Amino acid sequence: MIFRQILLQIFHKFKQERTISAPFHLLRGKRSGQTIQDVGIFQLHMYFGILPKLSRKTYDEEISKLIEEQYMTVSDEGYYILTAKAKEMNQTVDLPFNGWQYRGNEHLFFARLSLVIQSLSHKAYNQMSFLPIQKDPQVQEWVRKFLISHHYQERDLQQQLYEEIIVSLEQAPIEQHAKVIVMKRLTGYKIAGYTWQQLSIYENKSEMDIQFIYIACLHAWLNGITDKESQFPLLAAIAEQVRVAMPLSGSAYQTAQLFQQGYSIEQISQYRKLKRSTIEDHIVEIAMNNPRFDIRSFITEEEIHQVVNAVDDYNTRKLKILHEVMPNLSYFQIRLVLARGETV
Amino acid sequence: MEIEKILKERFGFSTFRPGQKEVIEQVMGGNDVIALLPTGMGKSLCYQLPGYIFNQPVLIISPLLSLMQDQVDQMKQFKEKRVVALNSFMNPEQKKQTIYHLEQYRFIFISPEMLIQPQVQQKLNTLPLALIVVDEAHCISQWGFDFRPDYLKIGELFGNHRPPILALSATATSKVLKDIEVYLNMSQPYKYIHSVDRPNIHLAKYSFLEKEDKLDWILRHVLETEGPGIIYTQSRSKTESISELLLQHGIAAASYHGGKDQLDRQFIQQQYIDDSLDWIVATNAFGMGVHKPNVRQIIHETIPGNMANYMQEIGRAGRDGKDAVAILLYAERDEEFAKFVGIDDLPNDHHIELYETYQLRQEPPNQMIQNGEISETSFRVLQYWMTQKSANEVKELFQTMKYEKMHEVDEVMKLVKTECCMREILVQYFGQELETKPTNCCTSCGLTLENLLLPRQQKDHVVEETPWQKRVAKILGIS
Ligand SMILES: [Zn+2]
């Protein structure tokens, strides 16, 4: 059910200007110029990359159901039109996703946390050997270093971690059931975690819905932890580098650095041996991510207004139409303005 | 150095299990050894104990990555720090570091894919290896159910000046045994072959006309008798649907297959081991590395692809030595499906032609995997043979393998159709003779399930309703 609501909400926000594949790339967090720009244009930050492993098959099945049940129709070119039934339906999804800033890294946070907790649990019950619940050697190594640097042998680390979890998770703005789900995925000495199948039965929701709630809860919790690092030092350490500070793709990041050093698009393109259009994609991505980035070195103030007005007049964000209306501006210039999400 | 002393001090046992001492003594004497020991009979002790005497690295080649990881974790649990697994789970930097410091380890686990890499080879040549262990050695045989082409190269890799090889397996026919000896270039190996018969596992079978009837039978049986048990089936979706059926009837069950979330798989193992789950519905992915002594029942919802699989799967019951039952269910034409599943991952003529087309176009044939034209396992086998033989020979070879696989299913069908003792057929298949039959031996000899299984005890289904805060407190031992 939640999956359907999320899809309908995304389709609604896309204003029927993208194909039925666009939500798929958005949910998987595809790092292409188009998807990244769309996040800014249509204000879809919360859903970006919340399902990095979503399979095309699962996605297509859900879309087929939406079509079958007459929520939408799809044209031959892959564009969609929402029906009245879809528009009537209350599309607000009441889950505090923050996909843009975590991008699947919430799973890394939980992996570390669950291994830290499993270790401390065994320590609390004086059991010093156990099979680690997390198999990834990098996570194991990270947790080992964390425990040693926090002198877990000498002090009562579990008490402090316990208090931090209780206070921070209680503050997280999400219903209790979600917190129960997250805590039931933890494991300890003689206490096993619950599988998705089991949680789905106890909560009477589909496995997929349970996982959505779980992800949203981790996002809400992580927001609180990373906003108040000094109040939750242990959890903040476990959340190290989980929140993406300047969410840029690696390649765009290199372009950003060269641009800051004063190189032009042309120069960067030659230097990096990349097509001009690729560098332009990067600039658009940078403009979207950094509100302080000044786009006026590419487009005049007057032209910005021209674009903003055209978007309003023609009630569209389709590049093709906007370019037709303003042939004096390049696609790149129009995209820059759209990326800023500026309105009249 | 007395090996009994090490057994006591290192491993905490006062006596050896059958076969262990013989194998260790032969290995210590510098001989090649082939040891067929059933799972759960302490295979790993056969190389771990010598590792403490040699004081030189022991190399363990194993094809099962997760099992390898499990063994390393378990050895670390027993305070062995000088153990490492070299496999594709590592990132390039970790791999480089590990290879560089390889001589520091006492036990080096390695996957066959990793073994053939030049930088690994180079390093291994400089190490004074005391022993080479080939685990799951049946994978070397193309007739085996789990053929790994890379295994064939092990023999060539080490040449003549090599330490002794210890080949370990749980199940192998005499044909496979011969292959192990030949392909590993072993010189007159000492063979220890444990009887494959497990007298405390009683063999039952039931035939049905319709496939659906099997489900009704399973549900009724599980509602009436006591577990813990494992239900093996052939497809992932079946594990889901059967486990849901059981759950709806208040049975503590879970589905298990290779496609499940990594954490879920461990939760299931953990819950199963501490008895909060009674039934696992699984594909053959379940069982490796799960040490649960009190499994009372193994049910095969449909016939397995070959006798070796069947043997391995029923072997997970009754490790505590107490009575257990293995129940084989059959519905008309189940063998067709088993054959289909069996040959499904064999490359066919079309794959071979495609492989040649790629070669002609001077494109790397492994593009076939990316293009979704072949599975990774099939490609591995195909690639190996295409570098060894001509396309026509390979076609012929796969044709032979296909018949062989189908023949394997027919062998299992003998168990289903026979009116002779099932145990006898099973043991003879592995080239051994049955000496004695237990009471309640098998369906053919006469067996009453009621004598072997307890009636199901209705347990209160404990659903934890405590607030999340209490769960965290309990886990962290905070009162
Ligand atoms: Zn019999």
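FYI, it's all coordinate maths here, none of it is from the lab. All values derive from a computational prediction rather than experimental measurement. All Cβ positions, glycine included, derive from the backbone under ideal geometry; neighbour counts span all protein chains shown.
Are any of the pairs B:Lys175/B:Lys437; A:Lys57/B:Lys395; B:Lys191/B:Lys402; A:Lys13/A:Lys85 more than 22 Å apart by Cα-Cα distance, and if so, which?
On the way: B:Lys175/B:Lys437 26 Å; A:Lys57/B:Lys395 33 Å; B:Lys191/B:Lys402 30 Å; A:Lys13/A:Lys85 16 Å.
The answer is B:Lys175/B:Lys437; A:Lys57/B:Lys395; B:Lys191/B:Lys402.
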Across the stretch A:106-238, qualifying lysine pairs (alpha carbons under 18 Å, at least 8 places apart or different chains) come out at 5
Between the alpha-carbon centers of the stretch B:130-202 and the stretch A:318-332, tell me the distance in whole angstrom. 70 Å
Distance between the stretch B:227-295 and the stretch B:348-364 - C-alpha centres, whole angstrom: 40 Å
Fewest Cβ neighbours within 10 Å first, please rank B:Cys420, B:Cys441, A:Cys217 accordingly. B:Cys420, B:Cys441, A:Cys217
If the label point is 7 Å along Cα→Cβ of A:Lys320, which residues in the stretch A:13-33 have backbone nitrogen under 15 Å from it? A:16-20
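Loop only by DSSP, 16 or fewer other Cβ within 10 Å of the Cβ. Give me the GluC sites (Glu not before Pro) in the stretch B:217-276 that pass, ordered by residue number. Could the numbers behind the result be given before it?
On the way: sites: B:Glu224, B:Glu226, B:Glu240, B:Glu244; in loops: B:Glu226.
Answer by residue number: B:Glu226.
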DSSP-loop trypsin sites (Lys or Arg not before Pro) across the stretch A:42-106, with at most 13 other Cβ within 10 angstrom: A:Lys53
The summed charge of the B:Gly477 Cβ neighbourhood (under 15 Å; Lys/Arg +1, Asp/Glu -1) stands at +4
Sum up the charges of everything whose Cβ sits under 13 Å from the Cβ of B:Tyr183, counting Lys and Arg as +1 and Asp and Glu as -1, but leave B:Tyr183 out. -1
Residue (of A:Ser297, A:Phe259, A:Val325) at the positive-pole extreme of the stretch A:250-343, dipole from beta-carbon charges: A:Phe259
Answer in debye to the nearest 20: the dipole magnitude of the stretch A:106-238 about its Cα centre, from +1 Lys/Arg and -1 Asp/Glu charges placed on Cβ, is 420 debye
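Taking the Cβ of B:Tyr52 as the centre, find all other residues whose Cβ is under 10 Å away and add up their charges (Lys, Arg: +1; Asp, Glu: -1).
Working: positive: B:Arg10, B:Arg106; negative: B:Glu9, B:Glu80.
Overall, the nearby charge balance is 0.
Taking every DSSP beta bridge with both residues inside the protein assembly as shown, roughly what % is antiparallel (nearest 5)?
If I count the DSSP bridges inside the protein assembly as shown, around 10 percent turn out antiparallel.
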Using only Cα positions of chain B, each an equal point scatterer, no hydration layer, compute I(q)/I(0) via Debye at q = 0.06, 0.08, 0.10, 0.13 Å⁻¹ and quote the log10 values to two decimals. -0.30, -0.54, -0.86, -1.40
Run the dipole for the stretch B:52-123 about the Cα centre, Lys and Arg Cβ at +1, Asp and Glu Cβ at -1, nothing else charged, and hand back the magnitude in debye, nearest 20. 220 debye
